[in-house]
1. Would you mind checking the stretch 302-337 for residues with the amide N under 13 Å from a putative spin-label position 7 Å along Cα→C-beta of ARG112?
2. Hand me the tally of lysine pairs in the chain: alpha carbons under 20 angstrom apart, and the pair either on different chains or 8 or more positions apart.
3. If you roll a 1.4 Å probe over the heavy atoms of the protein chains, what accessible area per residue do you get for the chain, in Å²?
4. Under 5 Å between amide H atoms, partner at least 5 residues away or on a different chain: which partners does ASP233 have, H built in plane at 1.01 Å?
5. How much of the accessible area of the chain, probe 1.4 Å, is carbon plus sulfur, in whole percent?
6. Within a Cβ distance under 13 Å of HIS173, other residues only, what is the Lys/Arg minus Asp/Glu net charge?
7. Compare the Cα positions of LEU174, LEU326, TYR352 along the charge dipole of the chain (+1 at Cβ of Lys, Arg; -1 at Cβ of Asp, Glu; about the Cα centre) and return the one farthest towards the positive end.
8. Please give, to one decimal in nm, the separation of the simple spin-label points placed at ILE237 and HIS299, each 7 Å out from Cα toward the Cβ.
Amino acid sequence: MTSPVLQSLEILDNRTRPPPRRGRRLRYAWETLSDDQLLSLRFCDLRLRIAGTELERAIERLYAELATRGIRFRPHCWLSQEWFSPDGVPGIAVPFYLAHPRLVRIERRLMREVEGGNRNWLMRILRHEAGHAIDTAYRVRRRRGWREVFGPASLPYPDTYRPRPGSRRFVQHLGAWYAQAHPTEDFAETFAVWLKPKSAWRREYQGWPAYAKLEYIDELAAEIGEDKPLIVDRTRIEDIAEESATLRQHYERKLARYRIPRRSGADELLLKVFTAVPRRRTAPRAASVLRELRNPLRHQIVRSGAFSEYLVHQVTRLMIDRCEALDLYVRGPRRELKAHLKWVIARLAESYEERQLPRVAL
């Protein structure tokens, strides 16, 4: 019997090859392979490079942002299977798929989204990981002031955390209130908000306890900006150039990890709007419709002034995730669907401002 994970991989067309783009010179020989053949390649056989890609230009933008803020340090970057900045190495591992559009398409088709798949998202993550790299390069977590502001970095890193959406002790940057996961993530998220060009953090976070954290980053950057880093290790941890696993093995593991079912308080509300048993085969999938409508819905709700854009964005992402997990479909005509979805988003946003969310896996 075929496993659910392998069935997911079979959504890729094993028989066809991507049509060659007229006038574009192939950079790699594997670009002409079918998806099935490509998934059978080892990472080291891809021979991927950052140089000459959109990813390289994003990294150069990051370096320019650091220079504008008076920070001389430049974290080195390399391609790995996931995003991370290793303990003890002041650098940034970037997912391999961001080095080529073909790999981005496979990531999107298998995982339903591409982490860092657009310019804004990519820069947000790079700024976050740069915060980790600077923490390592200058050993800032060892400072008394750092511990007083963010807490002890020695706290065990959790497998899960429970966000408090209403808390103002943390900045809101990456998804799922990530700054609340651990003191080191709090520092990296705060650094990312501070680093963003033309950041309005003084206005947006005025009156929040998180404001003191941003002020600490501002003072810290002025202090270490022109200093040489204490740690200059240029090691590349889990570099895909040395990885013998195949892309198929990578996605089998990744799909298995992300298909762990998670209970959510959104389920009951979603089942009032969608159904798990569609009356007709042509009924649209709920997650697809939500993706189509999420931007206009978010803009309408944010314009009302009832909820922050960050909160509405997180709620709609959770709704899409739950619609995927429950395999929901649109129930009846779409005439009134938008109004119903605005009601669900508002109910969930109101609820989540007042209480903790379900635990989030790291």
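1. What the label zone holds, given the 13 Å backbone N cut-off, is 316-329.
2. Details: LYS196/LYS213; LYS198/LYS213; LYS272/LYS338; LYS272/LYS342.
Pairs that pass both the separation and distance tests number 4.
3. 54
4. Answer set, sorted by chain and number: none.
5. On the way: 9400 of 19500 Å².
C and S fraction of accessible area: 48 percent.
6. Numbers: positive: ARG124, ARG127, LYS196, LYS213; negative: GLU129, GLU185, ASP186, GLU189, GLU204, GLU309.
In short, -2.
7. LEU326
8. Taking the simple label geometry, ILE237 and HIS299 are separated by 4.2 nm.
The values are calculated or read from the model by the stated rules, or taken from the named source; none is laboratory data. Since the structure is predicted, the reported quantities are computational estimates derived from the model, not experimental observations. Please note: Cβ atoms are built from the backbone with ideal geometry, for glycine as well, and neighbour counts cover all protein chains shown. Surface accessibility is based on the protein's heavy atoms, side chains included, excluding ligands, DNA and RNA. Shrake-Rupley method; radii C 1.70, N 1.55, O 1.52, S 1.80 Å.
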